[in-house]
Each structure stands twice: as structure tokens, then as C-alpha cells.
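**Student:** There's a structure below that I have some questions on.
All of the numbers you see were taken from the coordinates with simple rules; none came from a lab. Worth saying up front: this structure is predicted, and the values here are computed from it rather than measured.
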């Protein structure tokens, strides 16, 4: 949840900054706040549209030693499908090699169990699930409302990203910012740079830096100063912006364990519009 809040903050900031960069000397504080509300709606709409697509996700985790050198690495590839209106991951490869017959069967069985569960879901249970999702959405909206008050913005000029013109915006936390929501306390520990597509007023690239240690949870998990996140999006079917690449360089400590130094790298590809009449079948049956 905490990492989700970090990314959410950066995404909503970036979408609103485009108009801010265009009229840096004329926008009032209330206008900037309203732009952030509008940007929240735009990015949440992208999230909803993402549920209309299947895609492939390739995830690589690299553990680092004390000198920052890679000491171990593993990768997993997932097919992401839509089941019961929710994205569901099916593992299809490990370390860039196909799964064994037993592993593939286990994944097929997992998917079939989810399908069977969804088919048996009562109207009441479905309503509860949807209400839970709506509650999380409203919590995100409340979180976004704090962003306009937490940062000082700087327009840095124009650059090309993916052959498209983009505004470059920096945001630094205000030293006297006092968060109203519990999760919003992370904002004062984050610095952002965003690239925002000029034509679509949609963020396309983000660099996020931890400038102070972030702590949370019963077991005092910590993300240390210097950890970074980079995120890129791409325009799909000329209708929606969806994830293209994400990279997390993490210096963390979980409870009493030693520091966890790692690089987490994820790429997203092969987006295809999901058909509601599609039938999910086990791999062996398809073959």
C-alpha cells in the first residue's frame, strides 16, 4: 500500500503539471488544486481502461551486495488476463525459460479455480467486492487533494519522449507542509521530475527520489534515502496510456533483517483488447 501511494502521488502530480507549465505565471493556488482534481479523474480513467486489455509482464529482481554489484538475479514472465473484471496474473516463464509441465499445470489449475469461483460468486459478494474497490478509489482521491499543498513546482523546459514533445516539471516538498491524512506524510520525503505529453496532457515518464527515510508498518519497514523509482507509459490503440516500463532501486530494511538492496525492473508489452466472449482454456487443451 505504501509503495502504491508513492507511485499514485507522482502520477497525479505529473498529469496536472502540464497545464501548470503552460501558464506558470498566471495560475493561482486554487487553479492548480483544481487541475490536480481533474488529473486524478484522467489517470483513474486510464486505470479503468487498463482492465480492458490483456498483456505480458516481464519482471526481473536483482539482489545487490554491499558494493552495489549484482549477486543474484531471477526473472518471471506473466500473462495478465481479465477475470471477474480484475487483472489476474498467470506465470508462463521463469528465468526466460518455459515452465515445466507440472508448473504449467499448477498455473492452469489456479486460473480454472478463479474462473469457477467467479462463476459461483453471488450478487451480494460481487457488490461487496465492487464497494471495496470504490472505497479504495475514494481514499486515493482524498490522498490526491493533499498534493497541491505539499510541493513547490518548477517548469524546466521541453524535451522529446518517444518522438513526442513533452514538458519537463520538477517538484520539491515544502518544508513547512503538514499532512492531513496519515499516508500523505510520505510526500515530504519524495522529490519528483515528470515528463508530460504536450498534446495529451498525460504523464509519460517519471523519476521519483526518496530524499529521506520512509517508515511504516507494525514491523517498522523502511525505505532509505536514495531509493529511486522510474516509470514510463506508452499510448495504446491511440486511446489510452498504459505502463511500458518501471524500475525500482531499493535500499530498505524489513523489521530486524539486514538491509535489502535490490533492483526491480518490469516491462509491459503485447497489449491486446480483451474480448468479453473470450474463453480461458488450459495450455494443453489449446495445443
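**Student:** What number, in percent, do you get for the relative contact order of segment 125-209 if the mean sequence gap of Cα pairs under 8 Å and at least 6 apart is divided by its residue count? Numbers along the way, then the final one.
**Tutor:** Details: 122 pairs, mean separation 19.9, N = 85.
In percent, rounded to a whole number, it is 23.
**Student:** Still on this structure, please answer the following. Under 8 Å for C-alpha pairs, at least 6 residues apart: give me the relative contact order for segment 41-113, rounded to a whole percent. Don't skip to the end; give the middle numbers.
**Tutor:** Values: 92 pairs, mean separation 16.3, N = 73.
Relative CO of segment 41-113 lands at 22 percent.
**Student:** Once the Cα gyration tensor of segment 36-166 is found, what semi-axes does its equivalent ellipsoid get, as square roots of 5 times the eigenvalues, in whole Å, sorted largest first? Provide the component values of the computation, followed by the final result.
**Tutor:** Details: eigenvalues 217, 161, 45 Å².
Whole-Å semi-axes of the equivalent ellipsoid: 33, 28, 15.
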